[in-house]
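Inspection log for the structure reproduced underneath, given as structure tokens.
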Amino acid sequence: MRLPRAGQLRTPVRASMPPFDSCPSVFPLLPLFLLPLFPLPLSSALVLPSSPYRRGTMSHSASSAPVSHPSEPDPSVPSWQWPEAVWRGHVEAVRAGRPLTPAGWPGGARVAVALSFDSDHETIPLRDGETSPGRLAQGEYGARVGAVRVLELLERRGVPATFFMPAVSALLHPEEVRQYAEEGHEVAVHGWIHERNTLLSAEDERTLISRALDTLTELTGTRPTGIRTPSWDFSDSTLRTILGLGFAYDSSLMADDEPYEVVAEGRATGLVEIPVDWIRDDAPYFTMDRYAGVRPYTRPRDVLEIWRDEFDAAYREGGVFQLTLHPHVIGHRSRLVILRELLDHIGGHPGVWYATHAQLAEAARAQLLPRTGSASPEGSR
């Protein structure tokens, strides 16, 4: 019997930019000691013309809910002096709505397992204008070695996965992205060049996401239905852009362990969120940058223990175990072994449904529809 979930309390999802990217090999350009001098994101100067408290709206094709955002507060006013309309407006801009975990998973499975790989490759240094062969080679490893090993492992285990790939990465490695699709995996949008979307104007952000969507469609022959924003962040215009381009799901926010519907200013959008978390991401544990303070600080075996515990809890609750990996990170020999052992551990449990993020989103979206006895999405068990 499933107990009521805390997600029904509609806890907030909007937060400040996390301390590092999903591939945190490069810190923000500002030194840490200067950050307190900048209480607002740099994108605050790139706002659309608007009334004092609201911006323009855009509706999702499947929902009539408008999506608007409060204006940025005066940077000269500290946050503890903001009027309630300002701080409440920012908190309510993007929130978690209805929990979308079904009473049962397809085929009578007890747990859903959704593996994802962000094939960033060379786009991390390129995004920051870094073109040294040494930095680019770190990304090239992901395409030349890591992705090959990952695909071989998934094929041996018969496990489907979702590959979120920046368009520039796909253009640099077109055969790789085609192989993902040909082997039955999902390919989804992950920005143009792994850009920091909070530093873009609304127009530029929409242009880059639209261009990435078209590029992946052309290379794979299938239009992606999902998006993961670079660095797992939303600008003030990201949700409008995602809805306007017709994506079925997003996988960038962290308001729950289980899928939920995204709510904009208290109104349902129809957009399914497949939440992520830094705990279930390989990059924070293993990233190395010799010119910054980023160092691997956790033994791979310790990370395996964390991920096993995450899966075991999801299994007990009948929920979702979602994992985010990167070919250039997890693809190294001493790290890929923990992915093998994790799959061994998962495979030792009956009633496991392996699904792409699109399949998981379809199962979650069914909770938004009237009970009509529609067929369940297909996956692998």
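The values are calculated or read from the model by the stated rules, or taken from the named source; none is laboratory data. Predicted model, so just to flag it, every value in this text is computed and none were measured. Note that we place each Cβ from the backbone using ideal geometry, even for glycine, and neighbour counts take in every protein chain shown. To get the accessible areas, we keep the full protein, side chains included, count just its heavy atoms, and leave off ligands, DNA and RNA. Shrake-Rupley method; radii C 1.70, N 1.55, O 1.52, S 1.80 Å.
Filtering the range 303-316 to residues that are over 12 Å from Ile279 (Cα atoms) and without any contact (Cβ under 8 Å) to a residue 60 or more places away in the chain leaves Asp312, Ala313, Arg316.
Yes/no per residue for (1) at pLDDT 95 or above; (2) assigned to a helix (DSSP H, G or I); (3) within 20 Å of Ser231 (Cβ to Cβ); (4) open to solvent by 60 Å² or more (accessible area, probe 1.4 Å):
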position	(1), (2), (3), (4)
Pro275	yes, no, yes, no
Asp289	no, no, yes, no
Ala292	no, no, yes, no
Ala314	yes, yes, no, no
His328	yes, yes, yes, no
Asp344	yes, yes, no, yes
Pro350	yes, no, no, yes
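Residue-wise test of (1) at pLDDT 50 or above; (2) over 26 Å from Leu172 (Cβ atoms).
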residue: Val26; (1), (2): no, no
residue: Leu30; (1), (2): no, yes
residue: Phe33; (1), (2): no, yes
residue: Phe38; (1), (2): no, yes
residue: Pro78; (1), (2): yes, yes
residue: Val91; (1), (2): yes, yes
residue: Ala103; (1), (2): yes, yes
residue: Arg127; (1), (2): yes, no
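When the range 116-135 is examined, which residues are found to be part of a helix (DSSP H, G or I), farther than 15 Å from Phe164 by Cβ and either open to solvent by 50 Å² or more (accessible area, probe 1.4 Å) or touching a Pro at 6+ places or on another chain (Cβ under 6 Å) (or both)? Residues satisfying the conditions are Leu126, Pro133, Arg135. Which of the residues that make up the range 212-228 are assigned to a helix (DSSP H, G or I) and surrounded by 15 or more Cβ atoms within 10 Å (Cβ to Cβ)? Across the range 212-228, the qualifying residues are Ala212, Leu213, Thr215, Leu216, Leu219, Thr220.
Sub-8 Å Cβ pairs linking a first residue in the range 218-245 that is in contact (Cβ under 8 Å) with a residue 24 or more places away in the chain and more than 19 Å from Glu186 (Cα to Cα) to a second residue that is open to solvent by 30 Å² or more (accessible area, probe 1.4 Å) and assigned to a helix (DSSP H, G or I), at least 6 apart or interchain, are Ser237/Arg206; Thr241/Arg206; Gly244/Arg206, ordered by first then second residue.
Look at the range 164-175: where a residue is within 15 Å of Ser210 (Cβ to Cβ) and touching a residue at least 60 places away in the same chain (Cβ under 8 Å) and a partner is open to solvent by 40 Å² or more (accessible area, probe 1.4 Å) and of a type outside the set (Asp, Glu), sitting 6+ places away or on another chain with Cβ atoms under 8 Å, you get Pro166/Trp192; Pro166/Ile193.
Among the residues making up the range 181-194, a single one is farther than 14 Å from Ser119 by Cα and either open to solvent by less than 20 Å² (accessible area, probe 1.4 Å) or not acidic (Asp, Glu) (or both): Gly184. Checking each residue in the range 142-159 for being within 14 Å of Asp120 (Cα to Cα) and surrounded by fewer than 18 Cβ atoms within 10 Å (Cβ to Cβ) picks out Arg144, Val145.
Being farther than 24 Å from Leu323 by Cβ, of a type outside the set (S, T, N, Q), in a helix (DSSP H, G or I) and open to solvent by less than 10 Å² (accessible area, probe 1.4 Å) holds for only one residue in Glu175, Glu205, and it is Glu205. For the range 249-257, the criterion of a residue being of a type in the set (S, T, N, Q) and either surrounded by fewer than 17 Cβ atoms within 10 Å (Cβ to Cβ) or not in a loop (DSSP other than H, G, I, E, B) (or both) is satisfied by no position.
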